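Report on the following structure.
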Amino acid sequence: MRIAVLGTGSVGRAVAARTAELGHQVTIGTRDVTAVRAGEHAHWAAQHPEVGLATLADAASGAELVVNATNGNGSLPALTTASAPNLAGKVLLDIANPLDFSAGFPPTLTVHNTDSLAERIQREFPQAKVVKSLNTMTAELMVHPRRLADGAHSVFVSGDDAEAKRIVTGLLISFGHSDVIDLGDLSTARGTEMLLPLWLRLYGRLDTADFNIKVVR
Ligand code: NAP
């Protein structure tokens with residue numbers, strides 16, 4: 001598959017590296033190609049020559065599946081720059097969390113209860129097929145779930161389009177996930193985004209990001 005990964009943070013890099021390793025054709029999209037090429041991303045890029053780097057719009061235009069790995073506060077602007085026509089008809093895997101760190105730790109959620117970032121993205125880009133997933137665990141675990149001794153921890157999928165969820169689920173399984181829970185329509189992303197306050201408190205308590213939730217039933 002041709003995949004665009006928007007965002008050059010730890011999530012963008014982890015997803016880009018893993019999907020490229022699995023044989024996909026991957027391009028990372030960024031707001032400023034020149035700055036990113038000249039900055040500390042250059043070292044990572046040298047180790048991953050198979051991953052392309054392009055503007056947000058160029059990356060999205062050539063892709064079949066677009067991954068939103070941008071900062072939650074910048075997701076709508078980044079996707080707007082990527083441009084609606086480049087997202088139309090495509091699976092948009094949204095990993096972003098709507099966190100506001102402006103008052104320090106723990107951050108608050110900028111949207112919650114009756115709405116979610118995923119739904120905001122879907123409303124703004126109605127022709128994209130938004131699927132929320134992977135936002136409830138740390139970047140390396142998203143793509144290497146077997147890092148944990150008990151690799152059968154849970155990953156959630158929310159979305160309105162059944163075929164888009166099937167494609168994302170296939171990707172998750174190819175990463176090594178074995179407990180993929182389809183929560184239902186995109187409004188269920190409210191639950192996974194609101195899981196973040198608990199995740200952040202666990203992170204503070206356990207002193208590591210290498211943990212995840214396993215739904216036992
Ligand atoms: P991040 O620091 O949240 O930022 C990712 C990228 O977003 C940046 O590299 C930047 O890309 C872009 N960005 C930042 N501010 C922006 C703005 N105002 N407008 C447009 N784009 C902007 O990186 P991250 O830790 O990789 O997290 C990515 C997303 O995944 C976040 O929403 C985060 O909440 C979520 N998440 C992260 C983890 C994790 O383990 N880190 C786990 C679960 C979910 P360019 O400068 O290249 O344009």
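All but one of (1) surrounded by fewer than 22 Cβ atoms within 10 Å (Cβ to Cβ); (2) in contact with a strand residue (DSSP E or B) (Cβ under 8 Å, 6 or more places away or on another chain); (3) assigned to a helix (DSSP H, G or I) hold for residue 77; which doesn't?
In the conditions (1) surrounded by fewer than 22 Cβ atoms within 10 Å (Cβ to Cβ); (2) in contact with a strand residue (DSSP E or B) (Cβ under 8 Å, 6 or more places away or on another chain); (3) assigned to a helix (DSSP H, G or I), residue 77 misses (2) alone.
Six or more apart or on different chains, Cβ atoms under 7 Å: show the pairs whose first residue is in segment 138-165 and farther than 19 Å from residue 67 by Cβ and without any contact (Cβ under 8 Å) to a residue 60 or more places away in the chain and whose second is open to solvent by less than 20 Å² (accessible area, probe 1.4 Å) and of a type outside the set (A, V, I, L, M, F, W, C).
146/176; 151/145; 151/176
Quick one: residue 126 ticks every box in (1) within 16 Å of the ligand (Cβ to nearest atom); (2) without any contact (Cβ under 8 Å) to a residue 12 or more places away in the chain; (3) within 28 Å of residue 80 (Cβ to Cβ) bar one, so which box is it?
Every listed condition holds for residue 126 apart from (1).
Taking only segment 181-209 into account, find how many residues are within 16 Å of the ligand (Cβ to nearest atom), of a type outside the set (A, V, I, L, M, F, W, C) and either loosely packed, with under 12 Cβ neighbours inside 10 Å or on the phi > 0 side of the Ramachandran plot (or both). Break it down into steps so the answer makes sense when it comes.
From segment 181-209, those within 16 Å of the ligand (Cβ to nearest atom) are 189-204, 206-209; that's our starting set.
If we keep only those that are of a type outside the set (A, V, I, L, M, F, W, C) as well, we get 190-193, 197, 201, 203-204, 207-208.
So of that shortlist, the ones also either loosely packed, with under 12 Cβ neighbours inside 10 Å or on the phi > 0 side of the Ramachandran plot (or both) come out as 201, 204, 207-208.
The number of residues fulfilling the criteria is 4.
Only one of (1) within 29 Å of residue 80 (Cβ to Cβ); (2) within 16 Å of the ligand (Cβ to nearest atom); (3) open to solvent by 40 Å² or more (accessible area, probe 1.4 Å) fails for residue 168. Which number is that?
(3)
Of the residues 164, 189, which single one is in contact with an Asp or Glu (Cβ under 7 Å, 6 or more places away or on another chain) and either modelled with pLDDT under 95 or in a helix (DSSP H, G or I) (or both)?
189
Mind counting the residues in segment 132-153 that are in contact with a strand residue (DSSP E or B) (Cβ under 6 Å, 6 or more places away or on another chain) and surrounded by fewer than 18 Cβ atoms within 10 Å (Cβ to Cβ)?
Qualifying residue count for the region: 1.
Which of the residues spanning segment 138-165 are among the hydrophobic types (A, V, I, L, M, F, W, C) and away from the ligand (no atom under 14 Å from the Cβ)?
148, 149, 152, 157, 162, 164
Without any contact (Cβ under 8 Å) to a residue 40 or more places away in the chain, in contact with a strand residue (DSSP E or B) (Cβ under 6 Å, 6 or more places away or on another chain) and away from the ligand (no atom under 13 Å from the Cβ): which single residue out of 66, 26, 36 fits that description?
Every option except 26 fails the conditions.
Residue by residue, here is whether (1) open to solvent by less than 70 Å² (accessible area, probe 1.4 Å); (2) within 11 Å of the ligand (Cβ to nearest atom) holds:
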residue: 4; (1), (2): yes, no
residue: 9; (1), (2): yes, yes
residue: 45; (1), (2): yes, no
residue: 50; (1), (2): no, no
residue: 57; (1), (2): yes, no
residue: 84; (1), (2): yes, no
residue: 96; (1), (2): yes, yes
residue: 109; (1), (2): yes, yes
residue: 116; (1), (2): yes, no
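The values are calculated or read from the model by the stated rules, or taken from the named source; none is laboratory data. Remember, predicted model here, so these are calculated numbers, not experimental data. Counting neighbours? That spans all protein chains shown, and the Cβs are built from the backbone with ideal geometry, glycine included. Ligands, DNA and RNA are stripped out before the accessible areas are found, and what is left, the full protein with its side chains, is counted by its heavy atoms. Shrake-Rupley method; radii C 1.70, N 1.55, O 1.52, S 1.80 Å.
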